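Participant: Below you'll find the structure I mean.
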Amino acid sequence: MLPFDLESIEFTSLQQFLTEHAADLDDDTAWPNEQLSHMADAGVLGWVVPQEYGGAEINAEQLTQGYERLSESCLTTTFVLTQRNGACQRIAIAERDELKRELLPGLCTSDVFATVGISHLTTSRQHIGKPAVRVEQQGSHFVFDGIIPWVTGAKHADWIITGGTCDDGRQVLAALPATASGVTVCEPVKMLSMTASQTGAVQLERVEIDAKYLIAGPVEGVMKQGRGGGTGSVATSALALGTAVGALSRLQAEAENRPDLIEIHASLNVEREAISRDMYTVVRGEKTDDTLNVTTEAVRQRANSLVLRSTQALLAATKGAGFVQGHPAERAVREAMFFLVWSCPQPVLTAALREFACLVDG
């Protein structure tokens, strides 16, 4: 396993490959298989896997740095990585050593792909009274029934980390074999952007799994157990900032021949630097007197706002050329919209809507 080094030849080469092939993933039928293979070669796939299972087990600050740098090159691939890493992190916190020994070593390579389907336990479909996935315990087995609404890379998955709700309201989280009887992967949805993430629903019909694949539960609020980059986590902000960096880099290139853009780029970049500093303050858990701007939620709100405005500034700067399908500015604008819906807690969404409506608090 390569050590964590964002300045290494391997990582620099990975970034270059991701940048050069980002446009290839703006295709409904694409999947970042080669990108994941290059990530394995650069040691990235072992970032969240404990060392005893062959991984690098980097700390939260390093992981945030890595996400920020990778999303600067290719948001689609980095998003897929976060879903895969979310699965690895959930497996790693399980109290079942046998489960970890079975799954984690293979996840350091690109030969095994795991993903998560947990939005129905956090932000998605919470307005519906009936659980999206119901779970029934039968001795040493658990039976899953329902629909997992959002699963990235489901057609390519060997394992889906998902959960459901029991009749008594308690929840479970488990590693579900994608080939298990009763698992039906629906066709991926065509989205505004990042369709190459191959995200869609998975139907579960009396899917029976052994208790050895249980990660947590039955317990109240299973997603509050342990860690793993939950809803609105700093990881999401890191991807938003990385995407903004990519847009601002292109805006800077435009400014080399357009003096009128220098001030625009400088102002946005100063804002980016401030958000980045505050994001790492949150990641490190450092105390601060600025409790208004330096929280996980506040950083997410600010990062969302910046990525939307930075990409639109790039589109405006590139004029008609940037409005043509396939242009980096056009793709960046569409990809930035993703942050309005991906793991977006209600306070973050409300802040965005108020900004759109020019309703300034205070």
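Participant: Condition test on THR350, is it touching a residue at least 40 places away in the same chain (Cβ under 8 Å) and either out of contact with any Lys or Arg (no Cβ under 9 Å at 6 or more places or on another chain) or of a type in the set (Val, Ile, Thr) (or both)?
Facilitator: No, not satisfied.
Participant: May I pose another question? Can you find even one residue in region 162-176 that is under 25 Å from THR109 (Cα atoms), in contact with a helix residue (DSSP H, G or I) (Cβ under 9 Å, 6 or more places away or on another chain) and not in a strand (DSSP E or B)?
Facilitator: No, the conditions are met nowhere in region 162-176.
Participant: Of the residues VAL333, VAL348, which is β-branched (Val, Ile, Thr) and in contact with a Leu (Cβ under 7 Å, 6 or more places away or on another chain)? Let's see the steps before the verdict.
Facilitator: Values: VAL348 fails: in contact with a Leu (Cβ under 7 Å, 6 or more places away or on another chain).
Within the list VAL333, VAL348, the selection yields VAL333.
Participant: So for region 78-89 (the condition being surrounded by fewer than 23 Cβ atoms within 10 Å (Cβ to Cβ), touching a Pro at 6+ places or on another chain (Cβ under 8 Å) and of a type outside the set (Asp, Glu)), does at least one residue qualify?
Facilitator: no
Participant: Something else about it: What number of residues within region 136-154 satisfy the criterion of being of a type in the set (A, V, I, L, M, F, W, C) and free of Cβ contacts under 8 Å to residues at least 40 places away in the same chain?
Facilitator: 0
Participant: When both residues are 6+ apart or on different chains and their Cβ atoms are under 7 Å apart, which pairs have a first residue that lies in region 245-260 and is farther than 15 Å from LEU315 by Cβ, and a second that is among the acidic types (Asp, Glu) and assigned to a helix (DSSP H, G or I)?
Facilitator: Sorted first by the residue in region 245-260, then by its partner, the pairs are VAL245/GLU72.
Participant: Which number in (1) more than 20 Å from MET194 (Cα to Cα); (2) crowded, with 19+ Cβ neighbours inside 10 Å marks the one condition that PHE17 misses?
Facilitator: Only one criterion is unmet by PHE17, namely (1).
Participant: Can you pull out the residues in region 28-65 that are among the polar types (S, T, N, Q) and either within 19 Å of LEU99 (Cα to Cα) or in the same structural domain as ALA238 (by TED's automatic domain parsing) (or both)?
Facilitator: Selection gives GLN51 alone.
Participant: Of the residues that sit in region 237-283 and are assigned to a helix (DSSP H, G or I) and among the acidic types (Asp, Glu), which one is surrounded by the most Cβ atoms within 10 Å (Cβ to Cβ)?
Facilitator: ASP278
Participant: Let me ask you something else. Hey, could you check region 257-280 for residues that are modelled with pLDDT of 95 or more and out of contact with any helix residue (DSSP H, G or I) (no Cβ under 7 Å at 6 or more places or on another chain) and say which is farthest from ALA244 (Cα to Cα)?
Facilitator: Within region 257-280, the match that is farthest from ALA244 (Cα to Cα) is GLU263.
Participant: Is one or more of the residues making up region 170-190 in contact (Cβ under 8 Å) with a residue 60 or more places away in the chain, surrounded by fewer than 15 Cβ atoms within 10 Å (Cβ to Cβ) and farther than 19 Å from GLU208 by Cα?
Facilitator: Looking through region 170-190, at least one residue is in contact (Cβ under 8 Å) with a residue 60 or more places away in the chain, surrounded by fewer than 15 Cβ atoms within 10 Å (Cβ to Cβ) and farther than 19 Å from GLU208 by Cα.
Participant: Provide a single number: the residues in region 303-348 that are out of contact with any helix residue (DSSP H, G or I) (no Cβ under 8 Å at 6 or more places or on another chain), closer than 22 Å to VAL151 by Cβ and among the charged types (D, E, K, R).
Facilitator: Counting residues in region 303-348 that are out of contact with any helix residue (DSSP H, G or I) (no Cβ under 8 Å at 6 or more places or on another chain), closer than 22 Å to VAL151 by Cβ and among the charged types (D, E, K, R) gives 1.
Participant: Still on this structure, please answer the following. Identify the single condition in (1) polar (S, T, N, Q); (2) modelled with pLDDT of 95 or more; (3) over 24 Å from GLN35 (Cβ atoms) that SER197 does not satisfy, given that it satisfies every other one.
Facilitator: Answer for SER197: the failing condition is (3).
Participant: If I filter region 140-162 down to residues being more than 18 Å from the chain's Cα centre (by Cα) and modelled with pLDDT of 90 or more, which single residue comes out as surrounded by the fewest Cβ atoms within 10 Å (Cβ to Cβ)?
Facilitator: Applying the filter and picking the extreme gives HIS141.
Participant: Here's a follow-up. Across region 27-44, what is the number of residues that are farther than 16 Å from LEU75 by Cα, assigned to a helix (DSSP H, G or I) and among the aliphatic types (A, V, I, L, M)?
Facilitator: The total comes to 1.
Results for (1) closer than 20 Å to LEU75 by Cβ; (2) surrounded by 16 or more Cβ atoms within 10 Å (Cβ to Cβ); (3) not hydroxyl-bearing (Ser, Thr, Tyr), shown as yes or no for each residue.
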position	(1), (2), (3)
THR311	yes, yes, no
THR318	yes, yes, no
VAL324	yes, no, yes
HIS327	yes, yes, yes
ALA332	yes, yes, yes
GLU335	yes, yes, yes
VAL341	yes, no, yes
PRO347	no, no, yes
PHE356	no, no, yes
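The values are calculated or read from the model by the stated rules, or taken from the named source; none is laboratory data. Keep in mind that this is a model prediction, so the values were computed, not measured. Every residue, glycine as well, gets a Cβ built from its backbone with ideal geometry; the counts of neighbours run over all protein chains shown.
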